[in-house]
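The values are calculated or read from the model by the stated rules, or taken from the named source; none is laboratory data. Because the structure is a prediction, the values reported are computed rather than measured. Glycine also receives a Cβ, built like all others from the backbone with ideal geometry; neighbour counts cover every protein chain displayed.
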Amino acid sequence: MRQKNKSNNNLSRQPRYRRESSRTMPSTNDQKPPSPRRDNQAYNQGQANSSKWLRSLPSIIAAFVILGSIIHISRLDAQSTQVRVVTQSNSQMDDQLKATINREVSYRESFKDELSSSWLNQSKLTVRSTEVIDAIVSSYPEIAGAEIRYGLVDRTPILHIVLREPHIIIVEDDRSLVLDRHGIAFAEAPDEVVLPDTVAVIEDSAPMDAELGDQVLPLDTVEFINQLRHQFQAKDLTIQRKTLPAVANELHVRISGDDYSGKFDITGEVRLQAGAFFATREQLKADDITPREYIDVRVIGRAYYR
């Protein structure tokens, strides 16, 4: 009996193993096998992106074609430039001057050179029109203004040039200069020219060494001469000769059929002086008096004759 109990005690003392101790722990180096579902999603996403890019390809190509077309039609062909020259009015004098001073070939070459001088001027989008026009106008005194034109599709640049309008021909010792309304000399007058009523011929008793492009007469002087001419035309009086003497601010006018001149102050009021001259001239005729040299109306409210 004792032995049996002892044997049972020994059995009861044997160590007990926990169930968990026999479980194998997963290694950290083991990778989880890929999920078939995720592979399908990635594949489908790639297919969708590829299809989307393919669908966008025609639009991308069209965009590049349009951009290339815009760049092409916006470029200016400096080698095929054109020049169109017009005058400010259509008088016969303008036609003769245009034939004399028109340098269309030179205008075209200058225009081509200015466009070729900078890559910016090769495109309608970047052309520096103001600088190009200023350079050309400053080189040719007969040009009053210019404008660069080109069509939406046409690549040929066209330079429209407006020539100055003659207002006065000032006669010096050995030449005659054509002045515009600002008094700027822009051409030499042809030897034989038909003068319209809009152009006055002035003899300069104190000629200057003026060059083309210089302002020979002030703007106010040109306006005074033009307004005085209108006053004489309104009285049906033909001016035979107009002279700028060496005296400052003085203008001498001689009417056809008279042996004397009228003296005017170009800084004064045109209408008052013209009115005084006409009234004095008529009064002297009524009194059977003929001046030998002049009727001076430079002082407002007074008239002198000699």
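Worth pointing out:
- Condition broken by Ala279, with the remaining ones in (1) of a type in the set (A, V, I, L, M, F, W, C); (2) surrounded by 12 or more Cβ atoms within 10 Å (Cβ to Cβ); (3) in contact (Cβ under 8 Å) with a residue 40 or more places away in the chain satisfied: (3)
- Among residues that are β-branched (Val, Ile, Thr), more than 37 Å from the chain's Cα centre (by Cα) and farther than 30 Å from Pro141 by Cα, Ile239 is not included.
- Test for Gln233: is it loosely packed, with under 15 Cβ neighbours inside 10 Å and within 24 Å of Glu172 (Cβ to Cβ): no
- Residue tally, condition more than 11 Å from Lys263 (Cβ to Cβ), among the hydrophobic types (A, V, I, L, M, F, W, C) and not in a loop (DSSP other than H, G, I, E, B), over segment 283-306: 2
- Residues of segment 244-280 satisfying the condition of being part of a strand (DSSP E or B) and β-branched (Val, Ile, Thr): Val253, Ile255
- Annotation: of all residues in segment 92-104 being of a type in the set (A, V, I, L, M) and surrounded by 13 or more Cβ atoms within 10 Å (Cβ to Cβ), the one that is modelled with the lowest pLDDT is Met93.
Listed here are the residues, each with its yes/no results for (1) under 19 Å from Gly268 (Cβ atoms); (2) of a type outside the set (Ser, Thr, Tyr); (3) buried (at least 16 other Cβ atoms within 10 Å of the Cβ).
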| residue | (1), (2), (3) |
| --- | --- |
| Val178 | no, yes, yes |
| Gly183 | yes, yes, yes |
| Phe186 | no, yes, yes |
| Ala206 | no, yes, no |
| Glu211 | no, yes, no |
| Leu217 | yes, yes, yes |
| Thr221 | yes, no, yes |
| Ile239 | yes, yes, yes |
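- Residue that is in contact with a Phe, Trp or Tyr (Cβ under 7 Å, 6 or more places away or on another chain), modelled with pLDDT of 90 or more and either small (Gly, Ala, Ser) or not assigned by TED's automatic domain parsing to the domain that holds His182 (or both), where the choices are Gly275, Gly262: Gly262
- Restricted to segment 105-127, and to residues there that are outside any helix (DSSP H, G or I) and in contact with a helix residue (DSSP H, G or I) (Cβ under 6 Å, 6 or more places away or on another chain), the residue that is surrounded by the most Cβ atoms within 10 Å (Cβ to Cβ) is Val127.
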